[in-house]
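One structure is given here, and the rest of the page talks about it.
Just so it is clear, none of the values below were taken in a lab; they were calculated from the coordinates. It should be emphasised that the depicted structure is a prediction, and the values quoted were computed from it without experimental measurement. FYI the Cβ positions are ideal-geometry reconstructions off the backbone, even for glycines, and counts take in every protein chain you see.
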């Protein structure tokens, strides 16, 4: 599964889809009796009404961006990794183990990111092993492993990682000295934001400038042709799967080390949302960055609308769905029109 990326046309499709979704929602609210200008003003104030609100928007975009990059790497390479939820959760478990059981130290957050990446990659490796050893489709095994990962979290926060100071099913708090450092004082935005952006740029450079990126691109377009060209398809697909799992695991580690500072049985995961972000970003690493901000901005704006205008915050999820549907339909129409032109193979 891959989308051939042409910068201008794909950007137009993504921006047009987001704009259409917003216009439909605002228009629907206008019909329901809400002033469109009030809706836009209140929503925007919740997203970027102050430097603090903008920092919160960037903070909430971090796990969406990381999971979006994980989905982008997998899907562009033809690897149907739908297990980002589970890989995210296992990354969070590994990070909590490092941060709460190890000695307090400023280097621990970075060790936690490494541990989270390894845990996510290993959890994805289980699905790859089931596919290659027992013939279980990767789509099925990764979805089932998501369910198992939820129970693994529950067992860990009630067992080896449980905080003895409380009866609640949760881990101990990460000590202050072991948390991700803040990017700006007075805001919750941590340096994981810079790490996520740099990983997006690195993934883009890898895809555009390296032989590995070219081979993954070819495999995503046509694995049979790639095999005839001498590309080791199996090894490259394994690389993409493990890399995707590692990125999702790092997302979970970042969230624990920089935002929540503990793990509970009711942890929020961003795996499925990351797939939606990747599709809105047209499976391009740099396109995933604004897509992640769009999704986090919708969440913040919707909560502000609920507080100020009594509009249900679920409207943010409706807008996401409309944008995703619009971008998929527009992409399909664009490919059909392109293939119908004279001279197009």
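Given a Förster distance of 56 Å, report the FRET efficiency between residue 143 and residue 41 from their Cβ-Cβ distance, rounded to the nearest 0.05. That pair, residue 143 with residue 41, gives E of 0.85.
In this simple spin-label model, placing a label point 7 Å from the Cα along the Cα-to-Cβ direction at both residue 197 and residue 225 gives a separation of 3.6 nm.
Of the peptides 159-169, 242-252, 108-118, the order by per-residue mean of other Cβ atoms within 10 Å, starting with the highest, comes out as 242-252, 108-118, 159-169. Computed over the chain with a Gaussian network model linking Cα atoms closer than 10 Å, the most mobile of 43, 234, 135 is 135.
With Cα atoms as the point set, the chain shows a radius of gyration and Dmax of 20.8, 71 Å. Once label points are set 7 Å from the Cα along Cα→Cβ at both residue 176 and residue 23, what is their separation, rounded to one decimal in nm? It works out to 5.1 nm between the two label points. If R0 equals 41 Å, the separation of the Cβ atoms of residue 309 and residue 132 corresponds to a calculated FRET efficiency of about 0.20. From least to most packed, judged by other beta carbons within 10 angstrom and beginning with the fewest, 303, 268 follow the order 268, 303. Per residue, the average separation of C-alpha pairs within less than 8 Å and at least 6 apart gives the stretch 7-336 a relative contact order of 35 percent.
Each of the peptides 96-102, 307-313, 18-24 was scored by the mean count of other Cβ atoms within 10 Å over its residues; in descending order, highest first, they stand as 96-102, 18-24, 307-313.
If you take the Cα centroid of the stretch 93-107 and the Cα centroid of the stretch 116-180, the two points sit 16 Å apart.
As a proxy for reagent exposure, ranking 270, 88 by other Cβ atoms within 10 Å from fewest up yields 270, 88.
Using a 10 Å cut-off around each Cβ, can you sort 228, 193 from fewest to most neighbouring Cβ atoms?
Arranged by neighbour count, lowest to highest, 228, 193 become 228, 193.
The modelled label-to-label distance between residue 266 and residue 50, using points 7 Å beyond Cα along the C-beta direction, is 2.7 nm.
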